[in-house]
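So the structure is just underneath, and the comments pick up after that.
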Ligand SMILES: Nc1ncnc2c1ncn2[C@@H]1O[C@H](COP(=O)(O)OP(=O)(O)OP(=O)(O)O)[C@@H](O)[C@H]1O
Ligand SMILES: [Mg+2]
C-alpha cells in the first residue's frame, strides 16, 4: 500500500495565508518517513490532511492511487500529540479501547496495558499510559499507514523509548508504513528509514 500527497497546498480559509505550499511526498508500506520542521510550519495540518481529516485546498492525497475512503474504516490512522484530547473523558478506558475493534491480549501485553487500567477514566491514567491506549486502539490489522504527530513529546525519555520500541516492533512485524512527524531530528534519525524537511 502507498500513501501519496501530490502537490498539496492548504490554507484554513480563502483570506488566510498558505500554511502548506506544493507539498509532495509518498509513504510506502514498510517505510518510516520522518517529517521534520520547526513549530508552526504546518506539521499537524499536514498530518490531518494525510489522514483525511482535512481536505487539501489544492492537490490530492491518494492511497494506492485512489482517494481516501470517506466512509468505513480508513487504512490511514492518526495518533495525536495529546492523547487526553483524543479520547472521550466520559468513557472508561475499556470502551475507548474497543471502539473500533477488540485488541487481543497479546497486543495489550505488548503495549504494556494493565488489565486494571481498563476500568479507569482517562483522567486516572498518566499521559504515557493513556497514549498506549490511543496507539493500541487503532492497531487493527486494517491499519496500513500510521501518521504519528509528535506522539512522544509529552513523555519522559524512558517512556518515550518504551513507546517507540513497541511501535517500531509492531510496524516492522506488520510491514506498516509510518509518517513520523517531529521537530526532534535525533528521534527521526533513530526511528525512520528516511527523512524529509518541510520548508516554510
Ligand atoms: N484551525 C486553524 N485555523 C486557522 N489557522 C490554523 C489552525 N490550525 C493551525 N493554524 C495555523 O496554521 C499554521 C501551522 O500550524 P500547525 O499546527 O500545522 O503547525 P505545526 O508545525 O504542527 O506546529 P507545532 O510544532 O507547534 O505543533 C500556524 O500558523 C497556525 O497558527
Ligand atoms: Mg503540531
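Since every read-out is calculated from the coordinates, none of them should be taken as a lab result. Since we're looking at a predicted model, the values are computed, not measured. As a convention, Cβ positions derive from the backbone with ideal geometry for all residues, glycine included, and neighbour counts pool all protein chains shown.
Residue count for segment 9-25, restricted to those that are in contact with a helix residue (DSSP H, G or I) (Cβ under 7 Å, 6 or more places away or on another chain) and either on the phi > 0 side of the Ramachandran plot or in a loop (DSSP other than H, G, I, E, B) (or both): 1. Just name the residue that is nearest to residue 7 (Cα to Cα) out of those in segment 31-41 that are in contact (Cβ under 8 Å) with a residue 24 or more places away in the chain and more than 15 Å from the chain's Cα centre (by Cα). Residue satisfying both the conditions and the ranking: 41. Scanning segment 1-42 for residues that are crowded, with 17+ Cβ neighbours inside 10 Å and within 16 Å of ligand 2 (Cβ to nearest atom) yields a count of 10.
Restricting attention to segment 147-184, the residues that are within 12 Å of the chain's Cα centre (by Cα) and within 16 Å of ligand 2 (Cβ to nearest atom) total 10. In segment 6-30, the residues that are within 23 Å of residue 191 (Cβ to Cβ) form Cβ pairs under 8 Å with partners that are within 16 Å of ligand 2 (Cβ to nearest atom) and assigned to a loop (DSSP other than H, G, I, E, B), at six or more places apart or across chains, as follows: 23/198.
Selection of segment 61-91 for residues being closer than 17 Å to residue 179 by Cα and either away from ligand 2 (no atom under 16 Å from the Cβ) or loosely packed, with under 14 Cβ neighbours inside 10 Å (or both) yields 61, 62, 63, 64, 68, 74, 75, 76, 77.
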